Each structure stands twice: as C-alpha cells, then as structure tokens.
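Student: What follows is a single structure, and I will ask about it in a moment.
The values are calculated or read from the model by the stated rules, or taken from the named source; none is laboratory data. Treat the numbers as computed from the prediction; the structure is a model and nothing was measured. Here the Cβ positions follow ideal geometry from the backbone for every residue, glycine too, while neighbour counts run over all protein chains shown. Note: accessible area is taken over every heavy atom of the protein model, side chains too, but ligands, DNA and RNA are not part of it. Shrake-Rupley method; radii C 1.70, N 1.55, O 1.52, S 1.80 Å.
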Amino acid sequence: MPLALLALALVAFGIGTTEFATMGLLPQIADGVGVSVPHAGNIVSAYALGVVVGAPVLTGIGARISHKRLLLLLSALFVTGNVASALAPGFGLLFAARFLAGLPHGALFGVGAVVASRLVAPERAGRAVSRMFLGLTIANIVGVPAGTALGQQLGWRYAYCAVAVIGLVALAALAAFVPEQPRGSRAGIRHELRAMGNRQVALGLATAVVGFGGFFAVYSYLVPILTHLTGFSDSSTTWVLALYGAGMTLGTLIAGPLTDRALRPTLYGGLALLGASLVTFYFTVHSPVAALVTLAVMGAMGALVTTPVQMLLMAKAKNAPTMAAASNHSAFNLANAGGAWLGGLAISAGWGWASPALVGAALAAAGLGLALLAGLTDRGDAGGGPLTAPQAETPAQARRVPTA
C-alpha cells in the first residue's frame, strides 16, 4: 500500500510541476516561439481548458476499463503531451500540446483518488487520498522551483522533457505497485452520469468552484503583490512561493485525519479559516514577516479544503465515484480561472494590489455558504460525521460498505 500511494503521489508531483512551472517560464517560452509574454500566457489557459474538458470526457470513455489500466493509459497521454510541448516548433502547436497535456490531469487525479481510497480501510480513506495530494503540494516546494530554474538555465524545452521523465517513472511505478481493481458489472458511462445528477454532487462541485476561487484570487497575483506592496525582490519571490507550498503541504497532511474523523466540519472550518486568512493578508501585506506567516496559513487552509471536497464527492456519487472525483479537478481549474478574473477586475478598478485578498475572502465566504446549504439539505448525513468513499462497485461488495 505505501508504494502504491507513493506511485500515485509521483503522478501528482509531475502534474503539479508541469502546470505551475509554465507560469514561471512564460518570458523564455515567449522568446522561444516568437510571441509576446501576454500572448504566451494563453498556453496556461490551454492547459486549464484541457483539464476542464478531459476530466469528464476521458473518465466517461474509460468507464469500463479497470482502474489500473486507465491510470497507465492516462499517464502515457500525460507523457505524450509533455514530449509534444518540448518539441513544438511554434506557438500554435505548443498551444495544442499544452491542451493535450492537460487532458489527463483531472482524470488522473479522479481515478487516483478512488484507487487510493480503496487501498485502505474505509475509515482511513481520507488519509490515503491526502497522501496522493501531497505530491501536488510538494511540487510547489521542489518541482516548480527546480523546473523553473532548469528552464531558465538550459531552455524551457528541457523543463517539459524533465516532466516527461517524471511521468515515465510514475508510469513504471503504477505498473509495478498499484493492484488491479476491477470496475464491476455496474460500471459504465450511464452509471457514472446518473451519479453526477445527485444534488449533493452538484453542490459539492459548486463549493469547489466558488470557495477555492478565493484561494486563486490571491495566488494568481501573488508575485506582483509581494513585489509592489511587501517589498520583496523578483529573485526572492520563488522562495516565498516555496513557503506557500510548504503551508499547503502542512494543510494536506492534517486534512486526511480530520476528514476521516469529521468530513463536513473539516470542510466548514477550512473555508472559514481560508476566508479569515485572506482578510488578515489584506492588513499584513505591508509587513514582510507578518505577510509570510499569513501566506503560510493561507496555503495550509486552501489545501485543507481539497481532501474533504474530494471525499464528499466520492461518497455522494455512491458506487460510481470516478467521474465525480475527476470533475472536482475541472471545478478547481474553473476556480482558478474565475478567481484570477475577479481578482484582476478588482485591481483594474483601482482598488489596489491588495484588493484580490478581499475578493478571495468574499468567495471563500460564498463557498462556505454553499457547503452549509449542502449539509443542511443532506438527509443522508444528518449527523455531520465522517463520510467514506465506497470500496467497490460490484453490488455484493457495495452492500458491505456504509454509504453516505
């Protein structure tokens, strides 16, 4: 089990590295393909679009494929997209390659989360899923700075080559260590789509889009905020972002046990504390020490939200949780786009560089409202206790597992 979770975390590490290192290499990419930096920024949108489209589509296509085989196919597509990114001769093909690299992102996380939850006893499912997510947060500490430095020193194509190598290693680890998990006789696209129609699943996805949008409202503009208001130099912002990633890692570590103990209270508390930390950042942004402490807390609270949302969706989708789990990452990318857009509107309106923090706090509060509404209207979880993902999709096994 630990080696299987390590293989899943390695996949997440590669995904986090390729997604966020691109942002730090935009000037080099722009020079390499002969476009302006703002125009090169469209490849970030291309990747996000690939995530949004690929999560439900690829999960639906693979609805009858065993989880292990689907993980291997998606990992191979991830490697192909990054190799294509490294070899793209011009902007048009690079845009298409980044879209291709983003396609398996959500499905990999969704299928991986379901696999991770079934490697352990039901009462430890949250811990297992959070261990997979550790790969994503550690990427912000190690992978992204290393990939950015590699791209700046040797050329941006080498960064994508390095991610492709990580993907190949992860693919080999998945093949070696992840056990087979048959989908069962009830697996199929109609079964998955029927589960997506659950009102609690819809409210969970809306909570992710709105609530986590508060996180991205600040994260998207963190570098200019730190340089304009806090007084950090451009060269030091990389280490500040690593501190932010360290906070996310801490939040992910504590999210697993808390989610296993009490899922909805963990979600409520994470969103409330995320909003409070965003408001605090608005007032501490001019003090380097206070701003750094607040940023670490903000990263931790943002990460604290991810595991309970993922587990909630898997539980409420009953015995067809894969598409719901994958769609969660489409929701996070919509949160990325929406939060960045609203934060940018506040800055453009002349409210100041710190204004995205207040926008983010409002979004976190709205997300908390949606989460509370979901809890109040959920007849299957009146007590607000722990919810666990189903351990099997076959009817005989499903009857032995408590559903939410």
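Student: Set the Förster radius R0 to 45 Å, insert the Cβ-Cβ distance between residue 341 and residue 158 as r into 1/(1 + (r/R0)^6), and round the FRET efficiency to 0.05. Working shown, then result.
Tutor: On the way: r = 32 Å, r/R0 = 0.71.
Between residue 341 and residue 158 the formula returns 0.90.
Student: Where in region 77-94 does the label zone of residue 61 land, with the point 7 angstrom along Cα→C-beta and an amide N cut-off under 12 Å?
Tutor: Taking a point 7 Å out along Cα→Cβ of residue 61, the residues of region 77-94 whose backbone N falls under 12 Å are 77-78.
Student: Right, here's the next one. Please arrange 74, 376, 10, 345 by accessible surface area, largest first, computed with a 1.4 Å probe and ligands excluded. Don't skip to the answer; put the middle values down first.
Tutor: Numbers: 74 10, 376 155, 10 50, 345 85 Å².
Descending order: 376, 345, 10, 74.
Student: Now for a separate question. Hey, rough spin-label estimate for residue 348 and residue 377, points 7 angstrom out along Cα→Cβ, what's it come to in nanometres?
Tutor: 3.2 nm
Student: Have a look at 348, 178, 294 and report the one farthest towards the positive end of the charge dipole of the chain, computed about the Cα centre with Cβ charges (Lys/Arg +1, Asp/Glu -1).
Tutor: With unit charges placed on the Cβ atoms, the residue in question is 178.
Student: Between 145, 89, 122, which gets the highest mean-square fluctuation from a Gaussian network model of the chain, Cα cutoff 10 Å?
Tutor: 89
Student: Pull out the extension gain between residue 176 and residue 31, defined as 0.36 nm times the separation in residues minus the alpha carbon to alpha carbon distance; nm, one decimal. Working shown, then result.
Tutor: On the way: separation 145, 0.36 × 145 = 52.20 nm, distance 4.05 nm.
Length gained, residue 176 through residue 31: 48.1 nm.
Student: Specify, per residue and in Å³, the volume enclosed by the convex hull of the alpha carbon atoms belonging to region 205-247. Spell out each step's value before the answer.
Tutor: Values: hull volume 3.1 nm³, N = 43.
Convex hull of Cα atoms, per residue: 72 Å³.
Student: Quick one: dipole size for region 1-141, taken about the Cα centre, charges +1 on Lys/Arg Cβ and -1 on Asp/Glu Cβ, in debye to the nearest 20. All intermediate terms of the calculation are to be shown ahead of the outcome.
Tutor: Values: 8 positive and 3 negative charges, 115 e Å.
Computed charge dipole of region 1-141: roughly 560 debye.
Student: Sticking with the crude label model, points 7 Å out along Cα→Cβ, report the distance from residue 272 to residue 69 in nm, one decimal please.
Tutor: 4.7 nm
Student: Also, I was wondering about something else. Rounded to the nearest whole Å³, what is the per residue volume of the convex hull around the Cα atoms of region 100-187? Numbers along the way, then the final one.
Tutor: Working: hull volume 9.9 nm³, N = 88.
So the per-residue hull volume is 113 Å³.
Student: Same structure, new question: Where Rh denotes the Kirkwood radius from the mean inverse Cα pair distance, what is Rg over Rh for region 1-115? Intermediate results must be reported in sequence, preceding the final value.
Tutor: On the way: Rg = 14.7 Å, Rh = 14.5 Å.
With Rg and the Kirkwood Rh in hand, the quotient comes to 1.02.
Student: Give me the 1.4 Å probe accessible area per residue for the chain, excluding ligands and nucleic acids, in Å². Walk me through the numbers before you get to the answer.
Tutor: Working: 15090 Å² over 404 residues.
Using a 1.4 Å probe on heavy atoms only, each residue of the chain averages 37 Å².
Student: Report the extension gain between residue 53 and residue 3 in nm, rounded to one decimal, defined as 0.36 nm multiplied by the number of residues separating them, less their alpha carbon distance. Working shown, then result.
Tutor: Details: separation 50, 0.36 × 50 = 18.00 nm, distance 3.04 nm.
Additional length available on full extension: 15.0 nm.
Student: Let me ask you something else. Quick one: work out Rg over Rh on the C-alpha atoms of the chain, Rh as Kirkwood radius.
Tutor: Answer for the chain: 0.96.
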